[in-house]
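Derivation of every value follows stated rules applied to the coordinates shown; laboratory data play no part. Owing to the predicted nature of the structure, the values given are computational and were not obtained by experimental measurement. Backbone-built Cβ (ideal geometry, glycine too); neighbour counts: all protein chains shown.
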Amino acid sequence: MKNILLKLFAVLMFLSYVKEPAAQILNESPVDGLFANTGRMEREPIPLPSIREGDVMWSKRIWREIDFRQKINQPFYYPVDSHNNLRSFINVLMDGLKERKFRAYDLSNTDELLVPITYNEIVSRLTDTTIVRERRPYPPYEEYDTVIVRQFDPTRVMRLRLKEDWYFDKQRSQLMVRIIAVCPVMMVEKDGQEFSQPLFWVSYDQARKEFANAEVFNRFNSAERRTYDEIFIKRMFDSYIYKEENVYDRRINQYATGMDALLESERIKMDILNFMLDLWEY
């Protein structure tokens, strides 16, 4: 009897020894790539040069717009569904606002960052509720009201506005630019036509930490992990100017349309570049 118990105990110990490694192997998640992804990036924003008021001998404020539908600007729009630590720019903004890492500011005629607005207020404004009158498909075919709720769709955000200051630093003898704020723009369809609807302003300086830790897809080299902060600082996007500071505080489309508006945008850009070139003319 004693020998039987010892043999049974030995068999149980052997089975437990054999099953444990198998269970451990099954619980291990596979490595999806060349190496294990550490997850969220931990980077510091690119250091910007300090600005002293006495060194700024010339400055001009302009507003420009980035269209995500252009090929070079597609990294702002994709991926539509976040995956592999990649998020679209609007999702980066909304996630940061939801986690209260920076503030959003309500729109104003002067585009100033004056009135803070919360994430819940933004979502409630972008939630559309309509009442539709419908008829039952069976007798007595009476009519009834149906409430249709349309939630905020991030895929409708197809443009981004930048408010930036161009200035000449006489200490460095350079023409430089500093982004002040960003504003996502949603495309809205009404009566068969498409209209742009700006949502809110976000201070670029306050959101830089989040931009520096948001990875962007690199179509040429997946090993080079770029961030939205690097794309902005290195000017790796295409855009057009839709307003410059002026005494009337008006946009280009208020005094020029069509091809004339595009030419006016190019004129403003060339005037800024020619200012620097004229400083070194002999």
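For region 92-159, what Kirkwood radius comes out of the mean inverse Cα-Cα distance, in Å? About 15.2 Å for region 92-159. Rg over Rh for region 177-282 works out to 1.03, both radii taken from alpha-carbon positions and Rh defined as the Kirkwood radius. Of the trypsin sites (Lys or Arg not before Pro) found in region 128-187, the ones in coil according to DSSP and having at most 10 other Cβ atoms within 10 Å of their Cβ are 172. Output the direction-averaged projected area (hull surface divided by four) of the convex hull of the alpha-carbon atoms of region 44-185, in nm². The number I arrive at for region 44-185 is 13.7 nm². Between 226, 52, 136, the Gaussian network model of the chain with springs among Cα atoms under 10 angstrom shows the greatest mean-square fluctuation at 136.
Its relative contact order, with pairs defined as Cα atoms under 8 Å and 6+ residues apart, puts region 183-232 at 25 percent. Compared with the dominant Cα axis of the chain, that is its longest principal axis, helix 259-279 is turned about 80°.
Select from region 86-154 those chymotrypsin sites (Phe, Trp or Tyr not before Pro) which occupy a DSSP coil region and have at most 15 other Cβ atoms within 10 Å, ordered by residue number. Listed in order of number, the matching sites are 141.
Using DSSP to call loops (not H, G, I, E or B), can you name the GluC sites (Glu not before Pro) in region 164-236 whose Cβ has at most 16 other Cβ atoms within 10 angstrom?
Details: sites: 164, 189, 194, 210, 215, 224, 230; in loops: 224.
Within region 164-236, the qualifying GluC sites (Glu not before Pro) (loop, at most 16 other Cβ atoms within 10 Å) are 224.
As a proxy for reagent exposure, ranking 34, 273, 113 by other Cβ atoms within 10 Å from fewest up yields 34, 273, 113. Between the helical axis of 89-98 and the longest alpha-carbon principal axis of the chain there is an angle of about 70 degrees. Remark: for residue pairs 101/243; 209/269; 60/234; 71/209; 98/243, the C-alpha separation exceeds 23 Å in 101/243; 209/269; 71/209; 98/243. When restricted to Cα atoms, region 108-242 yields an Rg and a Dmax of 21.6, 83 Å, respectively.
Given an 8 Å cut-off on Cα distances and at least 6 residues of separation, report the relative contact order of the chain as a percent. Don't jump to the answer; show the numbers that get you there.
Details: 382 pairs, mean separation 61.4, N = 282.
Averaging sequence separation for qualifying contacts and normalising by length gives 22 percent for the chain.
The amide H of residue 113, built 1.01 Å from its N in the peptide plane, has no neighbour under 5 Å, considering only residues 5 or more places off or on other chains. The shape of the chain can be summarised by an equivalent ellipsoid whose semi-axes, obtained from the alpha carbon gyration tensor, come to 50, 34, 17 Å from longest to shortest. From helices alone, the chain scores -9000 deg cm²/dmol at 222 nm; the rule is -39500 (n - 2.57) for each run of n ≥ 4 DSSP H residues, then divide by the residue total. When you work out D = kT/(6 pi eta Rh) for region 33-106 at 25 °C and 0.890 mPa s, using the Kirkwood radius from C-alpha pairs as Rh and the Stokes-Einstein form, the result is 150 µm²/s. Across region 179-236, the convex hull enclosing all Cα atoms gives 113 Å³ per residue.
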